[in-house]
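What follows is a single structure, written as structure tokens, with notes after it.
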Amino acid sequence: MQYNNRSFLSSIAPVTRHLLIINVLVWLATIVFMRTNGLDLVRWLGLHFWRGSEFMVWQPLTHMFMHDTHNLTHIFFNMFMLWMFGSLLERVLGSKRFLFYYLACGIGASLIQELIWELSWRNLLMSCVSGPAGTTVNDVINAANSGMTSFTMDDFFNGYLGGGLRAVGASGAIFGVLLAFGMIFPNMPMLIFFIPVPIKAKWVVLANGLLELYFGISGHQPGVAHFVHLGGMLIGIILILYWRYTGTLRRTHGFY
């Protein structure tokens, strides 16, 4: 008689397992460094708007391993989704391709977020300040640059006003993983909280994409980088379709 002595971690595919461990360790390190010596790792490793002085070229990569340290919700749900979908996808795509896909979705999502910030920062600036009727964006910028306001434009670009110009989290990569799962296993039934019947994966992915688009455009969920989520899904669908077109990914499963 043989017994299976595999641990929970060893049962997870290797790249997925290492991603889970790295994310948790970085989250713990962020808490420890802040509480012991006041070092804010988010300042160095979180994603900042490219116009601010705190933007660094490595942040589109490193922000994927940072999470909100004020509660467990952010990292828990990201890691739960990575654990739920990552191992199966890794075994389908192969470890190297899965790692490339994961990183590409996360980095691509951050670049799309930078584009969204570039297109919207002027409106965000105006929403953060008050002034007499007829005040324009240029008036606010000139006042900030001349020291007539309590903040500088660099303060704003670094996310200190409105808090909307910096981001942390693996969500871009995670939503890319969710997208791939829905494309490769479209008819796999999924159980969703509070819904008593299973729903096919393709409809879950579609619903998530539409919700993210709605919240991103409407602004009804401030503080959440919805366009990062959409960016991860966009990069994901491009890669999956490309791999199918080139025959790199077998067409055993698909939309039908």
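The values are calculated or read from the model by the stated rules, or taken from the named source; none is laboratory data. Small disclaimer: the values here were computed from a predicted structure and weren't measured. Note that we place each Cβ from the backbone using ideal geometry, even for glycine, and neighbour counts take in every protein chain shown.
General observations
- Screening 65, 49 for residues that are within 17 Å of the chain's Cα centre (by Cα), among the aromatic types (Phe, Trp, Tyr) and closer than 22 Å to residue 121 by Cα leaves exactly one candidate, 49.
- Looking at 239, 234, just one residue is at pLDDT 80 or above, touching a Phe, Trp or Tyr at 6+ places or on another chain (Cβ under 9 Å) and in a helix (DSSP H, G or I), and that residue is 239.
- Just one of the listed residues (39, 25) is of a type in the set (A, V, I, L, M) and either closer than 13 Å to residue 67 by Cα or within 17 Å of the chain's Cα centre (by Cα) (or both), and it is 25.
- Checked against the criterion of being in contact with a strand residue (DSSP E or B) (Cβ under 7 Å, 6 or more places away or on another chain) and part of a helix (DSSP H, G or I), the range 71-81 has no qualifying residue.
- Criterion violated by residue 80 - all others in (1) among the hydrophobic types (A, V, I, L, M, F, W, C); (2) within 27 Å of residue 241 (Cα to Cα); (3) at pLDDT below 95; (4) surrounded by 14 or more Cβ atoms within 10 Å (Cβ to Cβ) satisfied: (4)
- Residues of the range 127-142 that are within 26 Å of residue 43 (Cβ to Cβ) and either of a type outside the set (S, T, N, Q) or touching an Asp or Glu at 6+ places or on another chain (Cβ under 9 Å) (or both): 128, 129, 140, 141.
- Residue 92 being surrounded by 15 or more Cβ atoms within 10 Å (Cβ to Cβ), over 27 Å from residue 185 (Cβ atoms), among the β-branched types (Val, Ile, Thr) and touching a residue at least 24 places away in the same chain (Cβ under 8 Å): no
- Among the residues making up the range 120-139, those that are under 17 Å from residue 159 (Cβ atoms) and assigned to a helix (DSSP H, G or I) are 120, 121, 122, 123, 124, 125, 126, 127, 128.
- Meets criteria (part of a helix (DSSP H, G or I), at pLDDT 95 or above and β-branched (Val, Ile, Thr)) for residue 36: no
- Condition check for residue 151: out of contact with any Pro (no Cβ under 9 Å at 6 or more places or on another chain) and assigned to a helix (DSSP H, G or I): no
- Restricted to the range 29-52, and to residues there that are buried (at least 18 other Cβ atoms within 10 Å of the Cβ) and among the hydrophobic types (A, V, I, L, M, F, W, C), the residue that is farthest from residue 113 (Cα to Cα) is 41.
- All positions within the range 24-53 that are in contact (Cβ under 8 Å) with a residue 60 or more places away in the chain and more than 26 Å from residue 152 (Cβ to Cβ): none
- From 108, 176, 169, residue being touching a residue at least 60 places away in the same chain (Cβ under 8 Å), surrounded by 20 or more Cβ atoms within 10 Å (Cβ to Cβ) and not in a helix (DSSP H, G or I): 169
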